[in-house]
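The values are calculated or read from the model by the stated rules, or taken from the named source; none is laboratory data. Every value quoted in this text rests on a predicted model; they were computed, and no experiment measured them. Here Cβ is always computed from backbone atoms with ideal geometry, including for glycine, and neighbour counts include all displayed protein chains.
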Amino acid sequence: MSKGLWPAISGSMAQSQKLDTIANNIANADTDGFKRDQVSFRAMMSSAITAYQKEGIPKMPYKEKDFYRLDGTDKAYAHVEGTYTDQSQGRLKITNSPLDVALEGKGFLEVLGPQGLGYTRNGNLKLNAEGALVTTEGYPVLSPGGLANEAREESAARAITIDPKGGTPTITADGKIYQNKVEIGQLAVVEFIDGRLLAKEGSSLFKNTVAANLSNEVPSTKIHQGMIESSNVNAIQEMTELLQATRLFEANEKVVKTYGELEGRAVNELGKF
């Protein structure tokens with residue numbers, strides 16, 4: 001295979017992954033609390049990799065692989081380093097629902113998800129049949145005070161309950177919940193040192209993958225009752241990137257096709273000699 005195919009093939013694969021990411025962002029443009037994803041690329045150039053390397057005198061006849069090295073020392077290609085989440089603030093919209101909360105800052109609500117402790121920015125909350133405060137997916141919203149490596153039963157004990165017949169609850173900017181002017185609980189708002197270390201679990205739920213990433217400082221995030229944070233997806237920006245990625249993908253595919261035609265012609269022409 002010609003070395004010239006590698007940049008085009010790897011470029012097509014990278015742009016294909018970017019297209020999938022953009023499509024997911026657009027699909028969640030109206031999902032409350034959703035954070036857009038971005039793909040990080042890195043271009044590997046053979047000149048940069050092999051510039052400092054010196055070729056030794058061959059001690060045996062050259063083989064085909066010596067001219068077309070594919071062992072990582074002489075190739076140019078596009079490499080997808082990974083996908084990261086843009087944790088920038090989304091727009092706050094008014095709902096006037098007393099159980100809806102929007103977070104202004106870098107904090108997350110701590111909830112008890114299927115895989116244990118999880119964190120979400122989606123503040124569209126409600127009460128279940130037992131009077132527990134839960135997310136749209138039914139995950140219990142927790143109060144502060146959790147310990148490191150606590151058991152699931154201990155986390156479940158921190159679930160917040162509200163008497164549905166006790167009057168309209170009031171939620172302050174620091175997360176305290178009052179009912180009839182009596183404090184009945186507090187929302188656990190957790191902040192992290194590096195939001196990029198959080199892994200998505202679906203349904204606007206995040207998982208902290210590094211224990212040391214948990215911030216020990218007093219959260220500075222403000223809570224707004226009767227509001228919800230919208231997705232931080234900018235539809236116009238995503239469509240622009242979608243068109244760009246599509247054109248780059250098509251350009252790479254044309255290069256692959258051209259190389260195929262050239263190699264086909266080379267084989268046919270050489271066969272005449």
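Please count how many residues of segment 120-132 are surrounded by fewer than 23 Cβ atoms within 10 Å (Cβ to Cβ) and outside any loop (DSSP other than H, G, I, E, B).
4
Go through (1) without any contact (Cβ under 8 Å) to a residue 60 or more places away in the chain; (2) over 28 Å from the mean Cα position of the chain (by Cα) one by one and return the number of the condition Ala159 breaks.
(2) is the only condition that Ala159 fails.
Kindly indicate whether any position in segment 161-179 is closer than 21 Å to Ala29 by Cα, hydrophobic (A, V, I, L, M, F, W, C) and either out of contact with any helix residue (DSSP H, G or I) (no Cβ under 9 Å at 6 or more places or on another chain) or assigned to a strand (DSSP E or B) (or both).
no
Could you tell me whether any residue of segment 125-135 is within 20 Å of Leu198 (Cβ to Cβ) and either assigned by TED's automatic domain parsing to the domain that holds Ser204 or of a type in the set (Phe, Trp, Tyr) (or both)?
Yes - at least one qualifying residue is present in segment 125-135.
Checking Gly82 against (1) in a strand (DSSP E or B); (2) over 30 Å from Ser10 (Cβ atoms), which test does it fail?
(2)
Quick check: anything in segment 211-225 within 20 Å of Leu142 (Cβ to Cβ), part of a strand (DSSP E or B) and modelled with pLDDT under 95?
yes
Table: residues versus (1) basic (Lys, Arg); (2) over 12 Å from Phe108 (Cβ atoms).
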| site | (1), (2) |
| --- | --- |
| Ile184 | no, yes |
| Ala188 | no, no |
| Asp194 | no, yes |
| Ser204 | no, no |
| Lys222 | yes, yes |
| Ile228 | no, yes |
| Val233 | no, yes |
| Glu238 | no, yes |
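Just the residues that are surrounded by 19 or more Cβ atoms within 10 Å (Cβ to Cβ) and modelled with pLDDT under 90, please, taken from segment 13-50.
Hits for segment 13-50 are Ala14, Gln15, Val39.
Results for (1) outside the structural domain of Glu201 (by TED's automatic domain parsing); (2) of a type in the set (Lys, Arg); (3) at pLDDT 70 or above; (4) in a loop (DSSP other than H, G, I, E, B), shown as yes or no for each residue.
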| site | (1), (2), (3), (4) |
| --- | --- |
| Lys59 | yes, yes, no, yes |
| Lys75 | yes, yes, no, yes |
| Ala78 | yes, no, no, no |
| Val101 | no, no, yes, no |
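Residues in segment 191-204: is at least one polar (S, T, N, Q) and in a helix (DSSP H, G or I)?
no
Starting from segment 203-221, take each residue that is among the small types (Gly, Ala, Ser) and list its partners that are exposed (fewer than 12 other Cβ atoms within 10 Å of the Cβ), counting only C-beta distances under 9 angstrom and pairs at least six apart or across chains.
If the second residue must be exposed (fewer than 12 other Cβ atoms within 10 Å of the Cβ), the pairs left are Ala211/Ala148; Ala211/Asn149.
If the requirement is being surrounded by fewer than 17 Cβ atoms within 10 Å (Cβ to Cβ), in contact with a Lys or Arg (Cβ under 8 Å, 6 or more places away or on another chain) and at pLDDT 95 or above, which of these qualifies: Ala199, Ala188, Ala173?
Ala173
How about segment 108-117: which of its residues are at pLDDT 95 or above and either more than 17 Å from Gly202 (Cα to Cα) or not aliphatic (A, V, I, L, M) (or both)?
Of everything in segment 108-117, those that are at pLDDT 95 or above and either more than 17 Å from Gly202 (Cα to Cα) or not aliphatic (A, V, I, L, M) (or both) turn out to be Phe108, Glu110.
Which residues, taken from segment 120-137, are under 22 Å from the mean Cα position of the chain (by Cα) and closer than 19 Å to Ile177 by Cβ?
Thr120, Arg121, Asn122, Gly123, Asn124, Thr135, Thr136
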